[in-house]
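The values are calculated or read from the model by the stated rules, or taken from the named source; none is laboratory data. The structure displayed is predicted, hence computed values, not measured ones. Cβ atoms come from the backbone with ideal geometry, glycine included; neighbour counts cover every protein chain shown.
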């Protein structure tokens, strides 16, 4: 009996079109396609492109006829590759068709597939073949590592890596922190970030991340190949981390994560746009419900804007592009000879006009639903989504327009992802004067409805 009902359903819905039937001219004339293929390979992250500043990732697909096409992810889309694996089945509804010249992709094909504004993706993970083990009803006695009277008995052992540690990398289950043991590898954790520090004494770029779940807390040491590459990460963000290994140091367990490990993934679930855009992935909570929430959770709320704090109008600050953290301009001027300095990464940035520094919003907002109100703050992409304007465009407005701009946004409704940041900024001693004890909620994603 074939138990893979999801794959059968997707195959039924998408089997009408094949890669051979796709035409670039027909697509440009308004034809849409629904395609169904297996993921053959997932290319590395491409970040140093000559023609674009956006990241890119290429995914090789093969359909049921053996025809191959490339599926390209750009910019923020590349994070979706973390949810895919070789051998998985991918259904693409209304993909964007682009010529290889436009996408600057090398290959013999005329075109490639891209994730367009009307595209929907459906993914069925590959399932490894299960092994059936026959064991006798009466297990014979064992002595040492040998089985006595081994007829009809199958000895099943836990998988181990080359160093003899138990390896869970082929078992995609989530480990509770209290269940982690010394000398285990391939661990996957799901929890909330409660602290993060850079290690200035380590060789290389190393950060220590404290993760908590409902059963406990543990420190994870993150080792990067060159610099921090996870984007903005804050207190209260819910993360999924895989490819971890555990060791005991001074009778204290810690887990290790190496960016260069091909099995290592790090997903900031609190910042995924898919949770807001896909109704099947979230359950809407009220503000009163999340205020009582104590377990790690993705908090999705339907709220309206009641008031944007105008004591500083709409506040803009400089941030480090690599990590998304704010740069203390006064501290940089006094302590680093006028050079801008990121206290999170502990590095100097090129210049005020350099590519490493960007201007971003930092705003305080009163949110409300049918039951109660809540005070929150936001920055980066979520702030721009709420204000419907970029920081550079806002700064170019006349002063009078900037003053009245917040009032034009009140009573607009949004779906928002909220994280309990606990009134702390990343990095000890770098708390903003705008973050009071009342503003412990960060808006990590926002979608106007």
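May I ask you to say which residue of 378, 360 is closer than 26 Å to residue 288 by Cα, assigned by TED's automatic domain parsing to the domain that holds residue 420 and either touching a strand residue (DSSP E or B) at 6+ places or on another chain (Cβ under 7 Å) or part of a helix (DSSP H, G or I) (or both)? Working first, answer last.
Numbers: 360 fails: closer than 26 Å to residue 288 by Cα.
Just one listed residue meets the conditions, 378.
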Filter the range 209-252 down to residues that are in contact (Cβ under 8 Å) with a residue 60 or more places away in the chain and surrounded by fewer than 16 Cβ atoms within 10 Å (Cβ to Cβ) and give me whichever is farthest from residue 175 (Cα to Cα).
227
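Are any residues in the range 302-317 at pLDDT 75 or above and within 16 Å of residue 397 (Cα to Cα), and if so, which ones? Lay out the reasoning, then the answer.
Start the filter on the range 302-317 by keeping residues that are at pLDDT 75 or above, which leaves 302-308, 314-317.
Matches in the range 302-317: 314, 315, 316.
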Filtered residues of the range 268-282 (kept if in a loop (DSSP other than H, G, I, E, B) and farther than 20 Å from residue 242 by Cα)
273, 278, 282
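Hey, any hits in the range 213-221 for a residue that's within 25 Å of residue 44 (Cβ to Cβ), outside any loop (DSSP other than H, G, I, E, B) and in contact with a strand residue (DSSP E or B) (Cβ under 8 Å, 6 or more places away or on another chain)?
yes
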Tell me whether the range 287-302 contains one or more residues that are surrounded by fewer than 19 Cβ atoms within 10 Å (Cβ to Cβ), assigned to a strand (DSSP E or B) and free of Cβ contacts under 8 Å to residues at least 12 places away in the same chain.
no
Go over the candidates 418, 403, 367, 426 one by one and state the one that is in a loop (DSSP other than H, G, I, E, B) and either at pLDDT below 80 or outside the structural domain of residue 210 (by TED's automatic domain parsing) (or both).
426
Yes or no: the range 262-271 includes at least one residue that is touching a strand residue (DSSP E or B) at 6+ places or on another chain (Cβ under 6 Å), buried (at least 16 other Cβ atoms within 10 Å of the Cβ) and over 30 Å from residue 358 (Cα atoms).
no
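Residue-wise test of (1) crowded, with 16+ Cβ neighbours inside 10 Å; (2) at pLDDT below 70; (3) in contact with a helix residue (DSSP H, G or I) (Cβ under 8 Å, 6 or more places away or on another chain).
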{"site": "332", "(1), (2), (3)": "yes, yes, no"}
{"site": "338", "(1), (2), (3)": "no, yes, yes"}
{"site": "344", "(1), (2), (3)": "yes, no, no"}
{"site": "352", "(1), (2), (3)": "no, yes, no"}
{"site": "362", "(1), (2), (3)": "yes, no, yes"}
{"site": "371", "(1), (2), (3)": "no, no, yes"}
Boolean, residue 35 is assigned by TED's automatic domain parsing to the domain that holds residue 88, outside any helix (DSSP H, G or I) and at pLDDT below 90
yes
